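To keep things clear, I will list the structure first and then write my remarks on it.
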Number of protein chains: 4
Amino acid sequence: MSFDTIIQRLFLEIKKIEDTGEIASYIPELQNIDTNKFGIYIASTNNSNYGVGDYAEKFSIQSISKVLSLSLAYNILGETIWNRLGVEPSGTSYNSLIQLETDKGIPRNPFINAGAIVIADILLSKLKYPKEDFLSFIRNLSGSEKINYSSKIATSEKSVGYRNIALCNFIKSFNNIQNAPSEVLDFYFDICSLEMSAKELSNTFLFLANKGINPHTNNQVLTQSQSKRINALMQTCGFYDESGEFAFKVGLPGKSGVGGGIVAVHPGHYAITVWSPKLNKKGNSFKGIQFLEKFTTASKLSIF
Amino acid sequence: MSFDTIIQRLFLEIKKIEDTGEIASYIPELQNIDTNKFGIYIASTNNSNYGVGDYAEKFSIQSISKVLSLSLAYNILGETIWNRLGVEPSGTSYNSLIQLETDKGIPRNPFINAGAIVIADILLSKLKYPKEDFLSFIRNLSGSEKINYSSKIATSEKSVGYRNIALCNFIKSFNNIQNAPSEVLDFYFDICSLEMSAKELSNTFLFLANKGINPHTNNQVLTQSQSKRINALMQTCGFYDESGEFAFKVGLPGKSGVGGGIVAVHPGHYAITVWSPKLNKKGNSFKGIQFLEKFTTASKLSIF
Amino acid sequence: MSFDTIIQRLFLEIKKIEDTGEIASYIPELQNIDTNKFGIYIASTNNSNYGVGDYAEKFSIQSISKVLSLSLAYNILGETIWNRLGVEPSGTSYNSLIQLETDKGIPRNPFINAGAIVIADILLSKLKYPKEDFLSFIRNLSGSEKINYSSKIATSEKSVGYRNIALCNFIKSFNNIQNAPSEVLDFYFDICSLEMSAKELSNTFLFLANKGINPHTNNQVLTQSQSKRINALMQTCGFYDESGEFAFKVGLPGKSGVGGGIVAVHPGHYAITVWSPKLNKKGNSFKGIQFLEKFTTASKLSIF
Amino acid sequence: MSFDTIIQRLFLEIKKIEDTGEIASYIPELQNIDTNKFGIYIASTNNSNYGVGDYAEKFSIQSISKVLSLSLAYNILGETIWNRLGVEPSGTSYNSLIQLETDKGIPRNPFINAGAIVIADILLSKLKYPKEDFLSFIRNLSGSEKINYSSKIATSEKSVGYRNIALCNFIKSFNNIQNAPSEVLDFYFDICSLEMSAKELSNTFLFLANKGINPHTNNQVLTQSQSKRINALMQTCGFYDESGEFAFKVGLPGKSGVGGGIVAVHPGHYAITVWSPKLNKKGNSFKGIQFLEKFTTASKLSIF
């Protein structure tokens, strides 16, 4: 059975099930979303693509951006980047301060907020025009010029971002932030506020299914080894304290965001994005995880 | 380049490097090992096998046994097994009691000691002759009748096993152990004391590279879905608080033991075992991890 | 107003209030107690004593014994005792294992279970006939030959004592227990099983209000400095994670037990014991704390 | 022997001993202090006062101010203040974020930084002119108009106060801060920057040895019960994770600051202040603690 047929069937099946998730409540602006939105897009290394539902509609990618900012910083710094953050799953929720205290300001991995804040600090130091340069990087990867930050979302998140201010200043107290915390956080909130469609996300992430090569341009974005390592990190750390569960049930590297998006990558084959705004108790899209679990079962393809 | 050639070359290369690891010191009997032992064996689903060095010599498999006891218990109980333990990486070392207290006696995953003790308790309740039945299961998987427990090792570990006694009684205080702690621990120490060669281990683990089917007998040991899930668990939890690092550097599901063995599985392709007794600071074979990192790089094969 | 009048009045007042506490459930044998029992006894350094209610009836003193075993061990070892345990409040409940892991087997203080188990280990090493010698020490302090262990209670607690077995073996794994864990625990459970009346307890604790001198025999049990230090320890650590609250509301050093007893000491003046079996959520006698709070308020006497 | 004689003798004795402490390094401006400074002042309820050494010289009182800001807030809010913070010792160092996460933004007690920040927030909401009103309160208590904030110290601390910014924003994320974090912190740093002499401090704290009554004016600053409770809190929580040790060795309620000051109170009798800038490993004045330990031993007076 082709991917298209499986996706179409599962889309209809899961569209119907009761969604017991809840919309993210901590960013005021995110609450205005239509909770019935549901879209899926798959982009394959063999150029066969397919979308269903609201796959062309933009949404707030939030933490999915952490993979992209890491990719750019990894490209710039190479392996020295790991002096400033780890590669181990945290075993705790996304914005915990406990391990930072134990580990003296070194975030466990780049996909918890603490780690992504350190990445934002690195980019701020290394890029000439951080906001513009990062956006160019994304537009280039996605093949779409129509991607932008949402200042509304960034402002909304900043207005209640006390936990992230705490994280950034706490890390700074251990000397693992080089710039002024307020500047780092401004950039961090901008990065999180990117708005992209499922289609754009799958196109953007396809280089991770393609040995680090942008399939649209044939540019080497990351070395093959770096590309593998980012996939490994998504596998072990991509879903906060539901990472083990996701590996267990879905069996693919992936990354979620509180906007309801999930991207999963099957190395060598495809990148797939599901978007459905309501989240389960761990903060990951309820229908998104349901869909991906059934999709890897039905397609009999997983990395394990 | 064929696997044989790569393995042969890397074996010679890594045999020479200085081994900065140290032998496990907490089990008295384990300290008598010759620290220069070094053996590798690969078993493939296409029946091409290869061994080098001390691949036919038996050693104490220790925690590698946790995958095997889980497999048998999973086969018996099915998904209800997850009522008694989780599937998330622990983020802490193998015998920590902290998370058990937070999680009220539910071990984070089956590959930390707490989880493997719960698995031993399950097998004790479900098997008619636990010690004999488990051994039969292993002999059957490996295709070798010459596998046995080491009563010397079990006794040695028991004589200093205060931390494990603490763990078992602590879990019992939360009602997640059904049998008498001393019986559970006796069986647990027996399981850990299994002595197998790299060759026997690779043969035994090959079913996890083969959709759950024992390639020697064509019996379905676990369903394909269960087999995938055990691989996913090894990927996220197989190396204690070095699990992320192993995924990152080696990119394969695997499991280590303090006897110096590491088994890694490439689903669909092969199971490979490396044995070298000296351990790095995280308690995993120093040369074993070096070898596997270079092996997946050289063979350009990993699941990511 | 004299102590007698105040005690009599508050006894009647508090006897009436609704007791929202619950009896300790984890030791089966303790549950057979009549929950309406209520008794108070005060013993003064000026030899004016007074009792009301069930003050002459024996009950299980449980953790109150921790002060007495510490006193004997402190008398034997002097200040070297503090090499094996600390003097800081734990901030957590009485049988937590978390801090033991952080502090590598050194209990925070002698009044959490971990600390009292280390004290039992010390006495086991130092006393010729531990069980008999400790009993003689208590009988001598109290001036009563009719004090005994309850083998029924000790056996009952042992039958469900998994948490304490865990604690003892965990400490042993850090080499801070010298004897066999099962022997240490047998002695520990015996110590906890002592049965004494409020009258006997107040008489026993009076030496701590009397500069370390047994007022019945004029023997120096502890030096004045040691006696002060035990009072200081009761003040900061006597009520687990309700210690601050007790200092705050009652303002006297004291120690509680899950049998529903509380002893408080006013240095220079008196020792007072209240017994009422139902416990508040922190495991301290509900009416006992109510009474002592009102008593120090009414008598306008506290150390602060 | 009179207090004067004892103090004079111990002053000379301790002046000579080698000071293995180190000056607080984290506030740049504090490092300019002459580390040989050593002064003591005792103020008694019976109006017999005595000073020796640098007792009239002002120093940065830092965390000693936490008792004074609590006193004013307690006076304004009464017992409802305890809805926003606890009265239990923390068991951890002064600026830990771990317990805040577990306790969902409720600081363990008012003497760790988190608690004092909540107190600053309360005063900011309740006082018309926070900075001026608080200063008036202190001047009134001390009987000295010459007490002032140090803007140099406040600015210096603010310039490196990342940990406190983290604490304040973290508490705000749990809704336990009402004002803007930057305003709360400005006021908090001002409070900490107060400069007072040992003489002024002892005079100021004397009301806590005097049932809550300002002995200079006969005004009731706090009720007797509130005064006792603040003493109890100083006893259990006044020295971070050395609180138990201080109760154990000195046996008086007290509060230390990283400027090298310690105030101790003997209820009914006196308030005594010692100042010596070098700190032990727990952050409390090395010579200050030595002096107070010997002082209570020599004077044979302690509350225990």
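Okay, here's what the table says:
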read-out	value
Output for region D:232-252, where each listed residue is under 21 Å from C:Asp241 (Cβ atoms), touching a residue at least 12 places away in the same chain (Cβ under 8 Å) and in contact with a helix residue (DSSP H, G or I) (Cβ under 6 Å, 6 or more places away or on another chain)	D:Ala232, D:Gln235, D:Thr236, D:Cys237, D:Phe239, D:Ser243, D:Gly244, D:Ala247
Neighbours by Cβ (under 7 Å, 6+ apart or cross-chain): first from region A:52-69, over 14 Å from A:Ile138 (Cα atoms); second among the acidic types (Asp, Glu)	A:Lys58/A:Glu195; A:Phe59/A:Glu195; A:Ser60/A:Glu195
Conditions (1) more than 18 Å from A:Gly259 (Cβ to Cβ); (2) without any contact (Cβ under 8 Å) to a residue 60 or more places away in the chain; number of the one not met by A:Ser151	(1)
Near pairs, Cβ below 6 angstrom, 6+ apart or cross-chain, from region A:116-130 (surrounded by fewer than 24 Cβ atoms within 10 Å (Cβ to Cβ)) to any residue that is of a type in the set (Phe, Trp, Tyr)	A:Leu124/A:Phe187; A:Pro130/A:Phe187
Of all residues in region C:260-292 being touching a Gly at 6+ places or on another chain (Cβ under 9 Å) and of a type in the set (D, E, K, R), the one that is farthest from C:Ile40 (Cα to Cα)	C:Lys281
Qualifying residue in region C:25-41 (condition: touching a helix residue (DSSP H, G or I) at 6+ places or on another chain (Cβ under 8 Å), farther than 15 Å from C:Asn203 by Cβ, buried (at least 20 other Cβ atoms within 10 Å of the Cβ) and modelled with pLDDT of 95 or more)	yes
Matching option when the condition is under 25 Å from C:Lys228 (Cα atoms) and out of contact with any helix residue (DSSP H, G or I) (no Cβ under 8 Å at 6 or more places or on another chain), among C:Thr296, C:Thr273	C:Thr296
Filter result (of a type outside the set (Phe, Trp, Tyr) and either within 14 Å of A:Asp19 (Cα to Cα) or without any contact (Cβ under 8 Å) to a residue 60 or more places away in the chain (or both)) within region A:263-281	A:Ala264, A:His266, A:Pro267, A:Ser276, A:Pro277, A:Lys278, A:Leu279, A:Asn280, A:Lys281
Looking only at region D:161-195, and only at residues there that are assigned to a loop (DSSP other than H, G, I, E, B) and surrounded by 15 or more Cβ atoms within 10 Å (Cβ to Cβ), the one that is modelled with the lowest pLDDT	D:Gly161
Search result, residues across region B:177-188 that are in contact (Cβ under 8 Å) with a residue 24 or more places away in the chain and within 11 Å of another protein chain (Cβ to nearest Cβ)	B:Ile177, B:Leu185
Residue within region B:118-135 that is in contact with a strand residue (DSSP E or B) (Cβ under 8 Å, 6 or more places away or on another chain) and not aromatic (Phe, Trp, Tyr) present	yes
Residue that is away from every other protein chain (no Cβ under 14 Å), touching a residue at least 24 places away in the same chain (Cβ under 8 Å) and closer than 30 Å to B:Ile272 by Cβ, where the choices are B:Ser136, B:Ser144	B:Ser144
Test for D:Ser90: is it of a type in the set (Gly, Ala, Ser) and in contact with a Ser or Thr (Cβ under 8 Å, 6 or more places away or on another chain)	yes
Filter result (polar (S, T, N, Q) and under 20 Å from B:Ile230 (Cβ atoms)) within region A:232-259	A:Gln235, A:Thr236, A:Ser243
Qualifying residue in region B:129-148 (condition: on the phi > 0 side of the Ramachandran plot and assigned to a helix (DSSP H, G or I))	no
Helices (runs of 4 or more DSSP H) wholly inside region B:1-107 that include at least 1 residues being among the aliphatic types (A, V, I, L, M) and either within 14 Å of chain A (Cβ to nearest Cβ) or under 21 Å from the mean Cα position of the chain (by Cα) (or both)	B:65-77, B:98-102
Residues of region C:146-157 that turn out to be crowded, with 20+ Cβ neighbours inside 10 Å and either over 26 Å from C:Ser136 (Cβ atoms) or of a type in the set (D, E, K, R) (or both), as a count	1
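The values are calculated or read from the model by the stated rules, or taken from the named source; none is laboratory data. In this text the structure is predicted, and so the values were computed from the model without any measurement. Don't worry about glycine lacking a Cβ; one is built from the backbone with ideal geometry, like all the others, and counts go over all protein chains shown.
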